[in-house]
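Inspection log for the structure reproduced underneath, given as structure tokens.
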Amino acid sequence: MYPKISIIIPFYNCAYVDQSIRSALNQTYPNIEVILVDDGSVKYREKIMPYRSRIKYIRKENGGTATALNRGIAEATGEYIAWLSSDDLFKPEKLSKQMAFMQDRGIDASFTNYDIIDSNNNVQVPSNGANYSSMKAVYEGYLYSNPINGCTILIKKSIFEKFGDFNPAMVYTHDYEMWFRLLSKGVHIVYLDESLTQFRSHSESGTNKYQQQMLAEMQGIEAIYRPLIVQYIVDHYLLL
């Protein structure tokens, strides 16, 4: 009835990590484990201490977010994986609503809408994502944009076991490459139109600090995968 969900929190020198942990532990869903992967942090580790007895803590040498996610997934005992960045928040009902949505439809992966918040947790943009009314719309979205916020994902662990880890060579866009890869292989990641995650925009975020590097990586990923997505659309949606 309640399959276990492993929430993976990669952590590297992030001042908001305690808030992230609390939002994971405060889920209304009754069967979770929280795995925090400390990617060689030298700052803010004291913020984790009050929660150590309630989470699984893993410390490793610094290798980037992809390596931290991969380590967390490898250590996870849950049937499902959720990823929460150490500066973002899950709303309390996030996993309960998303799991119910997936079980009702018999699907293995989903993503949701999300709010943008500031450094003080004020909502700056509610429901920032687009509304994808069908799986075809999700595929078409990847022809011109980046529909999936990785921290809104809930996905079976077995999908990673079948299709591989996050690519550490994609330092800033490992999630973008992963969702492209899965969709091109026919893994349907179905959209739930509800804001259940809060994505923090702040001056120290990677999104703000490394925009040029991110764009360069994204262009390389798009060159590889967009032709595959076009072919998938042709094969599965245009010839029906």
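The values are calculated or read from the model by the stated rules, or taken from the named source; none is laboratory data. Not measured: the values here are computed from a predicted model. In this analysis, Cβ positions are derived from the backbone assuming ideal geometry, glycine residues included, and neighbour counts consider all displayed protein chains. Note: accessible area is taken over every heavy atom of the protein model, side chains too, but ligands, DNA and RNA are not part of it. Shrake-Rupley method; radii C 1.70, N 1.55, O 1.52, S 1.80 Å.
Fully extending the segment from residue 226 to residue 158 would add 22.0 nm, taking 0.36 nm per residue of separation and subtracting the current Cα-Cα distance. Considering region 55-133, its Cα convex hull presents a mean projected area of 7.2 nm². The calculated Kirkwood hydrodynamic radius for region 136-228 is 14.3 Å, given to one decimal from all distinct C-alpha pairs. In the chain, the alpha-carbon atoms span a convex hull of 120 Å³ per residue. Based on protein heavy atoms only, the chain ends up with 46 Å² per residue of surface accessible to a 1.4 Å probe. For residue 109, nonlocal amide neighbours, meaning residues 5 or more places apart or on other chains whose placed amide H falls under 5 Å from its own, are 190. The portion of the accessible surface of the chain made up by carbon and sulfur, rounded to a whole percent, is 49 (1.4 Å probe; DNA, RNA and ligands excluded). The spread of Cα positions in region 9-64, taken along each principal axis and listed from longest to shortest, comes to 32, 18, 17 Å.
Using a probe of 1.4 Å, the accessible surface attributed to residue 163 totals some 50 Å² when neighbouring protein chains are kept in position. Applying 1/(1 + (r/R0)^6) with R0 = 51 Å to the Cβ-Cβ distance of residue 56 and residue 144, what FRET efficiency is obtained, to the nearest 0.05? After rounding to 0.05, the efficiency reads 0.85.
What is the percent of Cα-Cα separations in region 113-168 that go past 18 Å?
52 percent
What the phi angles of region 38-55 give under the Karplus curve with 6.51, -1.76 and 1.60, with θ = phi - 60°, is a coupling list of 7, 8, x, 5, 10, 10, 6, 5, 5, 5, 7, 3, x, 10, 4, 6, 10, 10 Hz, glycine and proline written as x.
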